[in-house]
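J.: Here it is, the structure, as C-alpha coordinates.
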Amino acid sequence: MSKSTNLSTEHSRSDVICPVCGRKKSPVLPFIGNLCKDCFLEKYGVAHVPDYIHITICSSCGAYKIGKQWVYSSPTTLEEAVYEAVYTVLMSKIKPVTGLSYVSIKNLESQSPINTYGEYYFKVTAEGKSLEGVVLEKDYMVKVRVSAALCPRCIRRKIGYHEALVQVRGIGGKLEDFEKNLVLDYLDTFPLKLKEQIVDILDKKEGLDLLVTDATSARIIASKMSGRFLGKRIETYSLSGRRNDGRRLGHLTISLRIASVRNGDIICIDGSPNYVLDITGNRIRLIDLESGRESSLNSDQFWSHKIESYTPSSKIKKVMLLSRDPHTIVFLDIESGYTSAIEYPPERVVNLADKELREGDEYIAYLTGKVLYIIS
Ligand SMILES: [Zn+2]
Ligand SMILES: [Zn+2]
(Lines give C-alpha, C1' and ligand atoms only; values in the text may rest on other atoms or scores of the structure.)
(Ligands and ions follow the chains in the order given, each with its own letter.)
Protein backbone atom coordinates (compact mmCIF):
# COMPACT_ATOMS: atom_id res chain seq x y z
CA MET A 1 0.00 0.00 0.00
CA SER A 2 2.69 2.38 0.97
CA LYS A 3 4.34 1.65 -2.38
CA SER A 4 1.38 2.90 -4.38
CA THR A 5 1.23 6.09 -2.26
CA ASN A 6 4.86 6.60 -3.11
CA LEU A 7 4.18 6.23 -6.81
CA SER A 8 1.38 8.81 -6.80
CA THR A 9 3.58 11.44 -5.15
CA GLU A 10 6.37 10.81 -7.65
CA HIS A 11 5.20 9.61 -11.03
CA SER A 12 1.83 8.33 -12.03
CA ARG A 13 1.64 5.69 -14.77
CA SER A 14 0.69 8.25 -17.44
CA ASP A 15 3.65 10.58 -16.71
CA VAL A 16 6.20 11.07 -19.47
CA ILE A 17 9.75 11.30 -18.23
CA CYS A 18 12.78 12.63 -20.08
CA PRO A 19 15.33 9.79 -20.22
CA VAL A 20 18.23 12.28 -20.14
CA CYS A 21 17.39 14.64 -17.29
CA GLY A 22 14.59 12.66 -15.62
CA ARG A 23 12.18 15.59 -15.56
CA LYS A 24 8.50 15.18 -16.13
CA LYS A 25 6.53 16.51 -19.10
CA SER A 26 4.42 19.52 -18.11
CA PRO A 27 2.98 22.71 -19.65
CA VAL A 28 6.24 24.52 -18.80
CA LEU A 29 8.40 21.63 -20.03
CA PRO A 30 6.99 20.42 -23.35
CA PHE A 31 8.51 17.40 -25.08
CA ILE A 32 9.70 16.83 -28.60
CA GLY A 33 9.52 13.15 -29.37
CA ASN A 34 10.69 11.40 -26.21
CA LEU A 35 13.02 14.16 -25.03
CA CYS A 36 12.21 17.28 -23.08
CA LYS A 37 12.58 20.53 -24.99
CA ASP A 38 15.88 21.46 -23.29
CA CYS A 39 17.54 18.10 -23.83
CA PHE A 40 16.31 17.99 -27.43
CA LEU A 41 17.79 21.43 -28.03
CA GLU A 42 21.07 20.43 -26.43
CA LYS A 43 21.33 17.15 -28.32
CA TYR A 44 20.06 18.18 -31.78
CA GLY A 45 19.82 21.94 -31.93
CA VAL A 46 17.33 23.58 -34.25
CA ALA A 47 18.87 23.41 -37.69
CA HIS A 48 21.75 22.26 -39.79
CA VAL A 49 23.55 25.57 -40.34
CA PRO A 50 26.76 25.74 -42.39
CA ASP A 51 29.63 27.14 -40.38
CA TYR A 52 31.13 28.87 -43.42
CA ILE A 53 29.62 30.57 -46.44
CA HIS A 54 31.10 32.56 -49.27
CA ILE A 55 29.19 35.40 -50.85
CA THR A 56 30.02 37.48 -53.92
CA ILE A 57 28.80 41.02 -54.25
CA CYS A 58 29.01 43.29 -57.29
CA SER A 59 31.28 46.13 -56.29
CA SER A 60 29.46 48.45 -58.63
CA CYS A 61 25.73 47.88 -58.07
CA GLY A 62 25.47 45.65 -55.00
CA ALA A 63 23.90 42.68 -56.78
CA TYR A 64 24.85 39.34 -55.19
CA LYS A 65 25.41 35.90 -56.52
CA ILE A 66 23.46 32.85 -55.40
CA GLY A 67 24.97 29.80 -57.04
CA LYS A 68 25.39 30.82 -60.65
CA GLN A 69 22.57 33.35 -60.53
CA TRP A 70 22.96 37.06 -59.88
CA VAL A 71 20.24 38.63 -57.77
CA TYR A 72 19.54 42.28 -58.46
CA SER A 73 18.11 44.29 -55.59
CA SER A 74 18.76 47.84 -54.54
CA PRO A 75 21.03 47.89 -51.50
CA THR A 76 22.26 51.35 -50.61
CA THR A 77 25.36 50.25 -48.68
CA LEU A 78 27.76 47.32 -48.74
CA GLU A 79 26.49 46.35 -45.29
CA GLU A 80 22.92 46.17 -46.55
CA ALA A 81 24.01 44.07 -49.55
CA VAL A 82 25.98 41.67 -47.30
CA TYR A 83 23.07 41.20 -44.89
CA GLU A 84 20.69 40.54 -47.76
CA ALA A 85 23.07 38.08 -49.41
CA VAL A 86 23.88 36.26 -46.16
CA TYR A 87 20.20 35.95 -45.34
CA THR A 88 19.31 34.62 -48.79
CA VAL A 89 22.23 32.17 -48.93
CA LEU A 90 21.53 30.86 -45.41
CA MET A 91 17.81 30.47 -46.12
CA SER A 92 18.71 28.26 -49.06
CA LYS A 93 21.10 26.11 -46.98
CA ILE A 94 19.53 25.85 -43.54
CA LYS A 95 17.52 22.67 -42.95
CA PRO A 96 15.52 21.85 -39.82
CA VAL A 97 16.76 18.93 -37.72
CA THR A 98 14.65 15.76 -37.67
CA GLY A 99 11.61 16.27 -35.48
CA LEU A 100 11.15 19.93 -36.47
CA SER A 101 8.69 20.89 -39.17
CA TYR A 102 10.31 24.14 -40.20
CA VAL A 103 13.06 26.58 -39.38
CA SER A 104 13.51 30.27 -40.06
CA ILE A 105 16.13 32.91 -39.40
CA LYS A 106 14.94 35.09 -36.56
CA ASN A 107 17.94 37.34 -36.39
CA LEU A 108 21.27 37.97 -38.12
CA GLU A 109 24.01 39.96 -36.55
CA SER A 110 27.52 40.63 -37.73
CA GLN A 111 30.01 40.59 -34.89
CA SER A 112 31.86 43.55 -36.39
CA PRO A 113 30.90 46.53 -38.56
CA ILE A 114 30.88 45.79 -42.30
CA ASN A 115 32.60 48.43 -44.34
CA THR A 116 34.80 46.49 -46.70
CA TYR A 117 35.20 43.07 -48.32
CA GLY A 118 36.72 40.32 -46.18
CA GLU A 119 35.74 37.88 -43.43
CA TYR A 120 33.01 38.38 -40.87
CA TYR A 121 31.35 36.32 -38.18
CA PHE A 122 27.60 36.35 -38.05
CA LYS A 123 25.47 35.31 -35.11
CA VAL A 124 22.47 33.55 -36.65
CA THR A 125 19.43 33.02 -34.48
CA ALA A 126 17.45 30.13 -35.91
CA GLU A 127 13.90 29.49 -34.83
CA GLY A 128 12.15 26.21 -35.41
CA LYS A 129 8.88 24.53 -34.60
CA SER A 130 8.45 20.87 -33.75
CA LEU A 131 5.73 18.64 -35.14
CA GLU A 132 4.05 19.00 -31.73
CA GLY A 133 4.12 22.79 -32.11
CA VAL A 134 6.95 23.46 -29.64
CA VAL A 135 8.97 26.54 -30.62
CA LEU A 136 12.75 26.39 -30.20
CA GLU A 137 15.49 28.88 -30.75
CA LYS A 138 19.26 28.60 -30.99
CA ASP A 139 22.19 30.82 -31.91
CA TYR A 140 24.81 29.64 -34.42
CA MET A 141 28.04 31.31 -35.48
CA VAL A 142 28.71 31.45 -39.23
CA LYS A 143 31.92 32.62 -40.83
CA VAL A 144 31.15 34.66 -43.95
CA ARG A 145 33.67 35.46 -46.63
CA VAL A 146 32.61 38.50 -48.70
CA SER A 147 34.24 38.82 -52.13
CA ALA A 148 33.92 41.56 -54.71
CA ALA A 149 33.17 40.97 -58.38
CA LEU A 150 31.47 42.72 -61.24
CA CYS A 151 28.09 41.43 -62.27
CA PRO A 152 27.45 40.87 -66.01
CA ARG A 153 25.34 44.01 -66.28
CA CYS A 154 28.05 46.18 -64.78
CA ILE A 155 30.71 44.53 -66.94
CA ARG A 156 28.71 45.43 -70.01
CA ARG A 157 28.24 48.96 -68.79
CA LYS A 158 31.89 49.39 -67.89
CA ILE A 159 33.16 48.29 -71.26
CA GLY A 160 30.42 50.18 -73.03
CA TYR A 161 28.90 47.09 -74.49
CA HIS A 162 25.50 47.75 -75.96
CA GLU A 163 22.95 45.66 -77.71
CA ALA A 164 20.60 48.38 -78.77
CA LEU A 165 20.64 51.85 -80.18
CA VAL A 166 17.84 54.40 -79.91
CA GLN A 167 18.22 57.18 -82.45
CA VAL A 168 16.15 60.18 -81.47
CA ARG A 169 15.35 62.53 -84.32
CA GLY A 170 12.93 65.39 -84.72
CA ILE A 171 10.51 66.78 -87.24
CA GLY A 172 12.30 67.21 -90.54
CA GLY A 173 14.83 64.60 -89.44
CA LYS A 174 16.84 66.88 -87.21
CA LEU A 175 16.65 67.44 -83.49
CA GLU A 176 17.13 71.08 -82.50
CA ASP A 177 19.17 72.01 -79.43
CA PHE A 178 16.11 72.93 -77.34
CA GLU A 179 14.61 69.57 -78.28
CA LYS A 180 17.76 67.75 -77.21
CA ASN A 181 17.49 69.46 -73.86
CA LEU A 182 13.84 68.45 -73.53
CA VAL A 183 14.80 64.85 -74.24
CA LEU A 184 17.72 64.88 -71.80
CA ASP A 185 15.55 66.43 -69.08
CA TYR A 186 12.94 63.76 -69.69
CA LEU A 187 15.51 60.93 -69.58
CA ASP A 188 16.64 62.29 -66.25
CA THR A 189 13.22 61.56 -64.76
CA PHE A 190 13.55 57.82 -65.52
CA PRO A 191 14.01 55.37 -62.65
CA LEU A 192 17.67 54.78 -61.83
CA LYS A 193 17.49 51.13 -62.92
CA LEU A 194 16.47 52.19 -66.41
CA LYS A 195 18.90 55.10 -66.61
CA GLU A 196 21.73 52.74 -65.73
CA GLN A 197 21.02 50.73 -68.86
CA ILE A 198 21.93 53.74 -71.01
CA VAL A 199 25.63 53.18 -71.60
CA ASP A 200 26.23 56.40 -73.46
CA ILE A 201 24.46 59.32 -75.11
CA LEU A 202 26.04 60.59 -78.30
CA ASP A 203 25.25 64.17 -79.26
CA LYS A 204 25.07 64.04 -83.04
CA LYS A 205 24.34 66.74 -85.57
CA GLU A 206 21.02 65.09 -86.46
CA GLY A 207 19.96 64.21 -82.94
CA LEU A 208 20.76 62.04 -79.96
CA ASP A 209 21.94 58.44 -80.08
CA LEU A 210 21.30 56.43 -76.93
CA LEU A 211 23.39 53.30 -76.51
CA VAL A 212 21.44 50.84 -74.40
CA THR A 213 22.70 47.60 -72.80
CA ASP A 214 19.79 45.43 -73.89
CA ALA A 215 16.90 45.38 -76.33
CA THR A 216 14.21 45.23 -73.65
CA SER A 217 15.41 48.38 -71.93
CA ALA A 218 15.75 50.12 -75.29
CA ARG A 219 12.13 49.30 -76.12
CA ILE A 220 10.94 50.60 -72.74
CA ILE A 221 12.91 53.82 -73.22
CA ALA A 222 11.59 54.34 -76.76
CA SER A 223 8.05 53.61 -75.70
CA LYS A 224 8.21 56.07 -72.80
CA MET A 225 9.59 58.76 -75.07
CA SER A 226 6.96 58.08 -77.73
CA GLY A 227 4.26 58.55 -75.16
CA ARG A 228 5.76 61.81 -74.03
CA PHE A 229 6.65 63.37 -77.38
CA LEU A 230 4.09 61.97 -79.85
CA GLY A 231 6.76 59.68 -81.24
CA LYS A 232 6.97 57.26 -84.12
CA ARG A 233 9.19 54.19 -83.82
CA ILE A 234 10.75 52.00 -86.44
CA GLU A 235 12.71 48.95 -85.26
CA THR A 236 15.38 47.18 -87.21
CA TYR A 237 17.13 44.09 -85.92
CA SER A 238 20.35 42.76 -87.30
CA LEU A 239 22.55 39.83 -86.40
CA SER A 240 26.07 40.93 -85.85
CA GLY A 241 28.01 37.74 -85.38
CA ARG A 242 28.54 35.32 -82.54
CA ARG A 243 29.79 35.65 -79.04
CA ASN A 244 32.67 33.57 -77.69
CA ASP A 245 30.18 31.10 -76.25
CA GLY A 246 28.61 30.64 -79.66
CA ARG A 247 25.41 32.55 -78.93
CA ARG A 248 24.27 34.77 -81.74
CA LEU A 249 24.65 38.46 -81.11
CA GLY A 250 21.82 40.67 -82.21
CA HIS A 251 21.69 44.38 -82.50
CA LEU A 252 18.49 46.37 -82.26
CA THR A 253 18.17 49.84 -83.70
CA ILE A 254 15.11 51.89 -82.88
CA SER A 255 14.66 54.97 -84.97
CA LEU A 256 12.47 57.30 -82.96
CA ARG A 257 11.02 60.48 -84.44
CA ILE A 258 9.56 62.83 -81.95
CA ALA A 259 7.37 65.88 -82.37
CA SER A 260 8.76 68.05 -79.64
CA VAL A 261 6.46 70.90 -80.59
CA ARG A 262 4.75 73.12 -78.10
CA ASN A 263 1.39 74.81 -77.99
CA GLY A 264 1.51 77.82 -80.30
CA ASP A 265 4.14 76.40 -82.67
CA ILE A 266 3.56 76.26 -86.40
CA ILE A 267 4.49 73.12 -88.32
CA CYS A 268 3.94 72.12 -91.93
CA ILE A 269 1.66 69.18 -92.57
CA ASP A 270 1.58 68.02 -96.18
CA GLY A 271 2.96 71.42 -97.08
CA SER A 272 0.32 73.44 -95.26
CA PRO A 273 1.08 75.51 -92.15
CA ASN A 274 -0.70 74.23 -89.05
CA TYR A 275 -0.91 75.95 -85.71
CA VAL A 276 -0.59 73.68 -82.66
CA LEU A 277 -3.60 74.32 -80.48
CA ASP A 278 -2.79 71.65 -77.97
CA ILE A 279 -0.41 68.72 -77.60
CA THR A 280 -0.45 65.93 -75.06
CA GLY A 281 1.81 62.89 -75.13
CA ASN A 282 -0.29 60.96 -77.61
CA ARG A 283 -2.58 63.48 -79.29
CA ILE A 284 -2.18 66.75 -81.11
CA ARG A 285 -4.86 69.31 -81.98
CA LEU A 286 -4.12 71.54 -84.93
CA ILE A 287 -5.67 74.26 -86.99
CA ASP A 288 -4.76 74.50 -90.64
CA LEU A 289 -4.00 78.19 -91.14
CA GLU A 290 -4.83 78.11 -94.84
CA SER A 291 -8.13 76.23 -94.75
CA GLY A 292 -9.13 77.04 -91.18
CA ARG A 293 -9.86 73.35 -90.59
CA GLU A 294 -9.26 71.93 -87.15
CA SER A 295 -8.01 68.40 -86.61
CA SER A 296 -7.12 66.12 -83.73
CA LEU A 297 -4.60 63.39 -84.51
CA ASN A 298 -3.03 60.54 -82.62
CA SER A 299 0.61 59.79 -83.23
CA ASP A 300 -0.03 57.24 -86.01
CA GLN A 301 -2.33 59.61 -87.86
CA PHE A 302 0.06 62.50 -87.32
CA TRP A 303 3.10 60.68 -88.67
CA SER A 304 1.19 59.30 -91.66
CA HIS A 305 1.37 62.83 -93.08
CA LYS A 306 4.44 64.56 -94.40
CA ILE A 307 5.66 66.54 -91.40
CA GLU A 308 8.14 69.35 -91.79
CA SER A 309 9.23 72.26 -89.74
CA TYR A 310 7.76 75.59 -90.76
CA THR A 311 9.98 78.17 -92.39
CA PRO A 312 8.63 81.61 -91.59
CA SER A 313 7.16 83.27 -94.67
CA SER A 314 5.94 86.73 -95.51
CA LYS A 315 2.54 85.69 -94.21
CA ILE A 316 3.82 86.03 -90.68
CA LYS A 317 3.80 89.66 -89.62
CA LYS A 318 4.48 91.68 -86.54
CA VAL A 319 1.51 93.98 -86.15
CA MET A 320 0.14 96.59 -83.78
CA LEU A 321 -3.55 96.89 -83.13
CA LEU A 322 -4.43 100.47 -84.11
CA SER A 323 -8.17 100.63 -83.75
CA ARG A 324 -11.27 98.51 -83.62
CA ASP A 325 -14.95 99.18 -84.14
CA PRO A 326 -17.90 96.85 -84.84
CA HIS A 327 -17.03 96.76 -88.54
CA THR A 328 -13.26 96.89 -88.83
CA ILE A 329 -10.13 96.07 -86.92
CA VAL A 330 -7.10 97.97 -88.13
CA PHE A 331 -3.53 96.77 -87.61
CA LEU A 332 -0.27 98.45 -88.55
CA ASP A 333 2.59 96.45 -90.04
CA ILE A 334 5.43 97.12 -87.60
CA GLU A 335 8.21 96.06 -89.95
CA SER A 336 7.02 98.56 -92.55
CA GLY A 337 7.66 101.24 -89.98
CA TYR A 338 3.99 101.46 -88.93
CA THR A 339 3.12 102.88 -92.33
CA SER A 340 0.95 100.21 -93.94
CA ALA A 341 -2.41 99.47 -92.44
CA ILE A 342 -4.10 96.06 -92.56
CA GLU A 343 -7.87 95.96 -92.18
CA TYR A 344 -10.05 92.95 -91.39
CA PRO A 345 -13.67 92.70 -90.30
CA PRO A 346 -13.83 91.46 -86.68
CA GLU A 347 -15.32 88.08 -87.62
CA ARG A 348 -12.25 87.37 -89.75
CA VAL A 349 -9.78 88.04 -86.98
CA VAL A 350 -9.15 84.77 -85.13
CA ASN A 351 -7.35 85.09 -81.86
CA LEU A 352 -5.41 81.88 -81.16
CA ALA A 353 -3.15 83.46 -78.58
CA ASP A 354 -4.05 83.60 -74.95
CA LYS A 355 -4.06 87.39 -75.09
CA GLU A 356 -6.63 90.14 -75.01
CA LEU A 357 -6.82 92.42 -78.04
CA ARG A 358 -6.12 96.01 -77.07
CA GLU A 359 -5.28 99.15 -79.01
CA GLY A 360 -1.56 99.87 -78.96
CA ASP A 361 -0.53 96.24 -78.22
CA GLU A 362 1.72 94.28 -80.55
CA TYR A 363 1.11 90.78 -81.87
CA ILE A 364 2.49 88.17 -84.20
CA ALA A 365 -0.11 87.47 -86.87
CA TYR A 366 -0.51 85.02 -89.70
CA LEU A 367 -2.35 86.53 -92.64
CA THR A 368 -4.23 84.61 -95.26
CA GLY A 369 -6.38 86.40 -97.79
CA LYS A 370 -9.46 85.67 -95.73
CA VAL A 371 -8.38 85.50 -92.10
CA LEU A 372 -5.89 87.13 -89.81
CA TYR A 373 -4.77 84.77 -87.07
CA ILE A 374 -3.27 86.24 -83.94
CA ILE A 375 -0.58 83.73 -83.12
CA SER A 376 1.08 85.37 -80.17
ZN1 LIG B 1 15.53 16.47 -20.44
ZN1 LIG C 1 26.60 45.13 -60.86
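J.: Ignoring everything but the protein chains, give the 1.4 Å probe accessible area of Lys37 in square angstrom, nearest 10.
T.: 60 Å²
J.: Through the Karplus equation 6.51 cos²θ - 1.76 cosθ + 1.60, θ set to phi - 60°, convert the phi angles of the stretch 341-352 into ³J(HN,Hα) values in whole Hz; use x for Gly and Pro.
T.: Here the 3J(HN,Hα) series is 9, 10, 10, 9, x, x, 6, 9, 9, 10, 8, 8 Hz.
J.: How high is the relative contact order of the chain, given as a whole-number percent (alpha carbon pairs under 8 Å, six or more residues apart)? Let's see the in-between values first.
T.: Details: 721 pairs, mean separation 34.5, N = 376.
Worked out over the chain, it gives 9 percent.
J.: If you don't mind, there's one more thing I want to ask. Points 7 angstrom from Cα along the Cβ direction at Ser272 and Glu42: gap in nanometres?
T.: For the pair Ser272/Glu42, the computed spacing is 9.7 nm.
J.: Compute the FRET efficiency between Asp265 and Leu192 as 1/(1 + (r/R0)^6), taking r as their Cβ-Cβ distance and R0 = 25 Å, and round to the nearest 0.05.
T.: With R0 = 25 Å, the Cβ-Cβ based efficiency is 0.15.
J.: Which residues does a label at Thr339 reach in the stretch 306-327, if reach means a backbone N under 18 Å from a point 7 Å past the Cα toward the Cβ?
T.: Only 318-320 pass the distance filter.
J.: Check Val199: other-chain or 5+ apart residues with amide H under 5 Å from its amide H, H built from backbone geometry?
T.: Hits under the 5 Å cutoff: Leu211, Val212, Thr213.
J.: Let me know the shape class of the chain, please: from the alpha-carbon gyration tensor, a ≥ b ≥ c as square roots of the eigenvalues, rounded when a/c is under 1.5, otherwise prolate if a/b is greater than b/c, or oblate.
T.: Details: a/c = 4.59, a/b = 2.87, b/c = 1.60.
Cα axes put the chain in the prolate bin.
J.: Now a separate question. Just want to confirm a number: the relative contact order over the stretch 304-373, from Cα pairs under 8 angstrom separated by 6+ residues, in percent.
T.: Numbers: 107 pairs, mean separation 23.6, N = 70.
Relative contact order for the stretch 304-373 comes out at 34 percent.
J.: Next up: Counting only helical runs of four or more DSSP H residues, what would the 222 nm mean residue ellipticity of the chain come to if each run contributes -39,500 (n - 2.57) and the total is spread over all its residues?
T.: On the way: 8 runs with 75 residues, N = 376.
Taken over the chain, the calculation gives -5500 deg cm²/dmol.
J.: Next question. Which whole-number value in Å² is the accessible area per residue of the chain, probe 1.4 Å?
T.: Details: 20950 Å² over 376 residues.
Accessible area per residue, the chain: 56 Å².
J.: Additional query: Which of the residue pairs Lys224/Lys355; Lys43/Lys95; Lys195/Lys232; Lys158/Lys180 have a Cα-Cα distance greater than 28 Å in the structure shown? Before the final figure, lay out the partial values.
T.: On the way: Lys224/Lys355 34 Å; Lys43/Lys95 16 Å; Lys195/Lys232 21 Å; Lys158/Lys180 25 Å.
Violating the 28 Å limit, Cα to Cα: Lys224/Lys355.
The values are calculated or read from the model by the stated rules, or taken from the named source; none is laboratory data. Note that this is a predicted model, so its numbers are computed, not measured. Positions of Cβ are generated from backbone atoms using ideal geometry, with glycine treated the same way; all protein chains shown enter the neighbour counts. Surface areas here come from the heavy atoms of the whole protein model, side chains and all, with no ligands, DNA or RNA. Shrake-Rupley method; radii C 1.70, N 1.55, O 1.52, S 1.80 Å.
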